[in-house]
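**Q** Below is a structure I'd like to ask you about.
What follows is calculated from the coordinates using simple rules that are stated; it is not laboratory data. These numbers come from a predicted model, not from an experiment. Every residue, glycine as well, gets a Cβ built from its backbone with ideal geometry; the counts of neighbours run over all protein chains shown.
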């Protein structure tokens with residue numbers, strides 16, 4: 001009878017040891033959308049989950065107090081760092097990137113590439129990159145007159 005109790009105690013002890021495993025961190029397999037808006041005056045990054053709920057939103061003005069530096073690629077790296085911290089807390093590992101420039105601009109501002117590069121260095125996997133710049137088709141006449149703006 002004492003042998004049976006020891007066996008039972010052994011089983012109980014083993015079960016307790018299994019329950020003492022350290023709690024796992026959130027797995028980094030969730031997906032998110034990173035909306036990057038870059039003009040030549042500012043850089044904005046807005047992270048949402050796939051349903052559209054905001055996870056993080058950081059702009060150049062939150063990172064620097066010098067307005068002339070808001071569109072700088074160095075400031076964009078700091079923006080990406082702040083976003084990465086919040087995304088790691090949420091357990092996000094996969095990103096869909098949407099880049100938007102100012103309407104009618106052929107290229108995004110200087111911060112877009114820097115943000116994507118920083119996020120890949122932080123360990124996030126970028127699945128796709130989409131350009132969502134608005135392009136008017138017709139619409140009202142552009143400011144500046146027939147011959148354009150002259151110096």
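**Q** If you consider only alpha-carbon coordinates, what radius of gyration and Dmax does segment 49-151 have, in Å?
**A** Considering segment 49-151 through its Cα atoms, Rg and Dmax are 16.9, 54 Å.
**Q** Which order do the peptides 67-73, 77-83 take when ranked by the mean count of other beta-carbon atoms within 10 Å per residue, highest first?
**A** The packing order, highest mean first, is 77-83, 67-73.
**Q** Normalised by the number of residues in segment 48-151, what is the relative contact order in percent for Cα pairs under 8 Å and 6+ residues apart?
**A** Reported relative contact order: 27 percent.
**Q** Quote the FRET efficiency, to the nearest 0.05, computed for residue 141 versus residue 42 with a Förster distance R0 of 30 Å and r equal to the Cβ-Cβ distance.
**A** E(calc), rounded to 0.05, equals 0.65.
**Q** Describe numerically, in nm with one decimal, the distance between label points set 7 Å from Cα along Cα→Cβ at residue 132 and at residue 104.
**A** In this crude label model, residue 132 to residue 104 measures out at 2.3 nm.
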